[in-house]
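Below is one structure; the comments refer to it alone.
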Amino acid sequence: MTVNAKNNDSKEDMDAETFYRILNLPVFKYPIYISLGKGEPLLHQKLFDFIAEIQKRHILAMVVSNGINIPKHIELFKKNCPDIFLVSLYDETYEQQLANVSQLLNSGCTENSVISVARIIKKDNLDDMVHYTEKAYSAGLRNIWFQQLMPLSEADYPNLLYDYDRDVITRIDEVRESLTKKFPDMDITLPALITGSETKKLRCDSLFKGFGVNKDGSIQPCCRIDPPIGDSSYGNMFEDPLAHINNQKYLKLRQAFTTNHAKIPGPCKNCNLLSFKGRP
């Protein structure tokens with residue numbers, strides 16, 4: 001499930017009535033977790049009420065944030081801390097973000113939560129994985145997730161991490177060995193490599209672990225395929241409570257990853273979470 005919270009009065013924000021309507025759909029009766037994300041969730045005035053309701057139903061609540069507003073909400077975190085809290089780090093603000101996460105960790109409310117940070121890694125900054133791991137460790141974190149770059153233009157392609165680039169593979173292996181020795185108690189996820197082939201044994205976890213639901217009931221197949229509000233081409237849960245199963249466009253997308261040599265679907269070609277079996 002998604003909560004769109006770009007600002008306090010965003011027309012795309014999910015209101016409480018819609019939230020409960022979605023939460024009461026049959027498909028959300030026994031999920032492992034529900035993620036509240038899209039935009040900046042900490043700007044949503046009802047976020048911590050939503051977290052409380054999810055946890056009351058014995059479901060894990062996950063929040064993906066930039067962490068900038070953590071200090072403003074420490075008391076709310078103490079009352080209803082998400083079970084999983086992921087902060088995406090950015091060049092200009094990462095030191096402040098890590099300081100905010102450290103403040104949260106020291107508040108005493110995260111004992112039963114998994115607090116992580118994520119960072120985009122490109123070919124020209126592979127060594128930054130060491131730097132950010134050291135900074136995260138010093139802030140008290142024991143989880144860090146490095147992600148592949150999501151290309152937005154042709155200029156981004158030379159900086160992608162491909163499975164056939166021996167220099168990239170060698171350096172990642174070296175970084176892995178170094179970080180494992182230096183931080184044995186740190187859970188470090190290294191970036192998945194993009195396959196250079198149209199037909200390889202593909203792996204996509206996102207399409208099978210869950211999906212997003214927008215305020216109008218439209219389905220977001222994964223965190224990287226994000227149709228605009230009003231686009232129900234992948235199904236609409238208000239029109240069909242089993243749309244995540246019945247919708248043919250959504251079904252074909254998943255089927256592409258269930259065959260041994262599937263062709264990469266168009267919407268997935270540049271995904272920074274896509275990897276192929278056998279590599280990190």
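Filter segment 89-115 down to the residues that are in a loop (DSSP other than H, G, I, E, B) and surrounded by 13 or more Cβ atoms within 10 Å (Cβ to Cβ) and list them by number.
Within segment 89-115, Leu89, Tyr90, Thr93, Ser107, Cys109, Thr110, Ser113 meet the criteria.
Tally up the residues in segment 37-61 that are of a type in the set (D, E, K, R) and within 18 Å of Lys78 (Cβ to Cβ), please.
4
Residue by residue through segment 35-64, note down the ones that are assigned to a helix (DSSP H, G or I), under 17 Å from Asp13 (Cα atoms) and either out of contact with any Pro (no Cβ under 7 Å at 6 or more places or on another chain) or not hydrophobic (A, V, I, L, M, F, W, C) (or both).
Pro41, Leu42, Leu43, Phe48, Asp49, Phe50
How about segment 151-168: which of its residues are of a type in the set (A, V, I, L, M, F, W, C) and open to solvent by 60 Å² or more (accessible area, probe 1.4 Å)?
If the condition is that a residue be of a type in the set (A, V, I, L, M, F, W, C) and open to solvent by 60 Å² or more (accessible area, probe 1.4 Å), then Leu152, Ala155 are the ones that fit.
Evaluate segment 142-163: report whether one residue or more is among the aromatic types (Phe, Trp, Tyr), touching a residue at least 24 places away in the same chain (Cβ under 8 Å) and farther than 19 Å from Val117 by Cβ.
yes
For Leu253, all conditions in the list (1) modelled with pLDDT of 85 or more; (2) under 30 Å from Ala16 (Cβ atoms) hold save one; what is the number of the exception?
So the condition that Leu253 fails would be (2).
I'm trying to understand the selection: among the residues of segment 169-193, which are of a type in the set (A, V, I, L, M) and either crowded, with 17+ Cβ neighbours inside 10 Å or within 15 Å of Lys269 (Cα to Cα) (or both)?
Matches in segment 169-193: Ile172, Val175, Leu179, Ile188, Leu190, Ala192, Leu193.
The values are calculated or read from the model by the stated rules, or taken from the named source; none is laboratory data. Because the structure is predicted, anything quoted here is derived from the model rather than measured. Note that we place each Cβ from the backbone using ideal geometry, even for glycine, and neighbour counts take in every protein chain shown. SASA here: full protein model, heavy atoms, side chains in, ligands and nucleic acids out. Shrake-Rupley method; radii C 1.70, N 1.55, O 1.52, S 1.80 Å.
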